[in-house]
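The values are calculated or read from the model by the stated rules, or taken from the named source; none is laboratory data. Since the model is a prediction, treat every value here as computed from it, not as a measurement. Here Cβ is always computed from backbone atoms with ideal geometry, including for glycine, and neighbour counts include all displayed protein chains. Ligands, DNA and RNA are stripped out before the accessible areas are found, and what is left, the full protein with its side chains, is counted by its heavy atoms. Shrake-Rupley method; radii C 1.70, N 1.55, O 1.52, S 1.80 Å.
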Amino acid sequence: MRFGSPILRAVLAQAVAYALLLAVARSGLLPIALQGRPAVLLMGILAAGIGLGLGLGPRWVPGMLFLPWLLDLLLRHPPPTWVWPAALVSLLLIYGGGILTRVPLYNSNRAAWEALLSLCPPGLLRLADLGAGLGGPLAFLARARPDGFFLGVEASPLTFALAWLRTLPLRGNCRVHLGSLWNQDLSGFELVYAFLSPAPMPRLWEKARREMRPGTLFVSNTFEVPGRTPTLRIPLPGRKDACLLAYRMEGPPAFD
Ligand SMILES: C[S@@+](CC[C@H](N)C(=O)[O-])C[C@H]1O[C@@H](n2cnc3c(N)ncnc32)[C@H](O)[C@@H]1O
């Protein structure tokens, strides 16, 4: 059964496992041998099983097993109070850029970078990665196409800093800016790439249609532009829905 985001399903699986275990413990049916630490292990196993039933992939299993241990540990040995604000600030530095656009950080893989390279035009090439993450696609493409120019825009400060460092040796043809993709003018690029989420796609498509020149390519990793048929779809290994969707830009919108 699949619904909502994987994070939501993972939290639900943990909550259901906890509620089940609590109900059994309250009813007095939980054997003594299964109380304390073994109960924590049991909760992890139950949560992992429920998570699989809710459509979470096998790579979620270690995390599902680990989370009850972590919570148990934190309850038994509470960390100093400064740890919580520090953790919150770190999370904001890494994921803050995606909070408003509902786009978390996850990285595309080498197969996606190679597919993206195959979409790059042979001549003049200026490519923008909107939401550059850790700069993986930018660094790969800048090395593969030294004749091209590659620009990344990233809104999360820590993620930006890592991408900036990663692409430092490639400054000759690669730049990363800290900022919002919504402020990036797209008119100067032959190819604009984005790996975001379903949420910003309608607005991003409108922006691409307004700013990109006819004949250029808008490429989305995995997330479709609603109501548009891609010019090209390149399936990627890994997740079932993983693919690059390339949209060739037509002339400017007739009545805008
Ligand atoms: C799924 S990651 C993709 C990373 C990289 N493009 C790749 O393909 O591996 C999306 C990134 O977009 C960033 N992001 C989300 N909203 C943004 C915005 N409005 N402006 C700039 N970056 C944004 C997030 O912080 C995150 O690092």
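Each residue in segment 54-92 was checked for being closer than 24 Å to LEU162 by Cβ, in the same structural domain as GLN14 (by TED's automatic domain parsing) and either open to solvent by less than 70 Å² (accessible area, probe 1.4 Å) or in contact with a Leu (Cβ under 8 Å, 6 or more places away or on another chain) (or both), and 1 of them qualify. Somewhere in segment 205-220, is a residue touching a helix residue (DSSP H, G or I) at 6+ places or on another chain (Cβ under 8 Å) and part of a loop (DSSP other than H, G, I, E, B)? No: zero hits. A single entry from GLY133, GLY123, GLY148 fulfils the requirement of being under 19 Å from PRO104 (Cβ atoms) and either without any contact (Cβ under 8 Å) to a residue 60 or more places away in the chain or not basic (Lys, Arg) (or both): GLY133. Among the criteria (1) surrounded by 18 or more Cβ atoms within 10 Å (Cβ to Cβ); (2) within 22 Å of ILE94 (Cα to Cα); (3) within 18 Å of the chain's Cα centre (by Cα), the one LEU151 does not fulfil is (3). Evaluate segment 159-174: report whether one residue or more is of a type in the set (S, T, N, Q), open to solvent by 30 Å² or more (accessible area, probe 1.4 Å) and in contact with a Gly (Cβ under 8 Å, 6 or more places away or on another chain). No, there is no match, as no residue in segment 159-174 is of a type in the set (S, T, N, Q), open to solvent by 30 Å² or more (accessible area, probe 1.4 Å) and in contact with a Gly (Cβ under 8 Å, 6 or more places away or on another chain). Within segment 185-206, restricting attention to residues that are within 11 Å of the ligand (Cβ to nearest atom) and over 19 Å from ALA139 (Cβ atoms), which residue is surrounded by the most Cβ atoms within 10 Å (Cβ to Cβ)? Result: LEU204. Using beta carbons and a limit of 9 Å, which pairs, at least six apart or on different chains, have the first residue in segment 104-115 and within 15 Å of PRO237 (Cβ to Cβ) and the second one among the aromatic types (Phe, Trp, Tyr) and more than 8 Å from the ligand (Cβ to nearest atom)? Listed pairs, sorted by first residue: ARG110/PHE140; TRP113/PHE140; GLU114/PHE140. Comparison of ALA161, ALA199 shows that the only residue that is in contact with a Ser or Thr (Cβ under 7 Å, 6 or more places away or on another chain) and at pLDDT below 95 is ALA199. Scanning segment 103-146 for residues that are crowded, with 16+ Cβ neighbours inside 10 Å, small (Gly, Ala, Ser) and either out of contact with any helix residue (DSSP H, G or I) (no Cβ under 8 Å at 6 or more places or on another chain) or at positive phi (or both) yields ALA115, ALA128, GLY131, GLY133, GLY135. In this entry, LEU181 is excluded by the filter for residues that are under 14 Å from PHE149 (Cβ atoms), within 14 Å of the ligand (Cβ to nearest atom) and either out of contact with any His (no Cβ under 7 Å at 6 or more places or on another chain) or open to solvent by 10 Å² or more (accessible area, probe 1.4 Å) (or both). The set of residues in segment 1-57 that are at positive phi, under 20 Å from the mean Cα position of the chain (by Cα) and at pLDDT below 85 contains only GLY4. For segment 125-158, a residue qualifies if it is in contact with an Asp or Glu (Cβ under 6 Å, 6 or more places away or on another chain) and more than 10 Å from the ligand (Cβ to nearest atom), and the qualifying residues are LEU125, ARG126. Take segment 83-116 and flag every residue that is at pLDDT 80 or above, within 13 Å of the ligand (Cβ to nearest atom) and either among the charged types (D, E, K, R) or in a helix (DSSP H, G or I) (or both). Residues satisfying the conditions are ARG110, ALA111, ALA112, TRP113, GLU114, ALA115, LEU116. Out of ARG228, ARG248, ARG209, ARG239, which single residue is at pLDDT below 95 and open to solvent by 40 Å² or more (accessible area, probe 1.4 Å)? Checking each option against the conditions leaves just ARG239.
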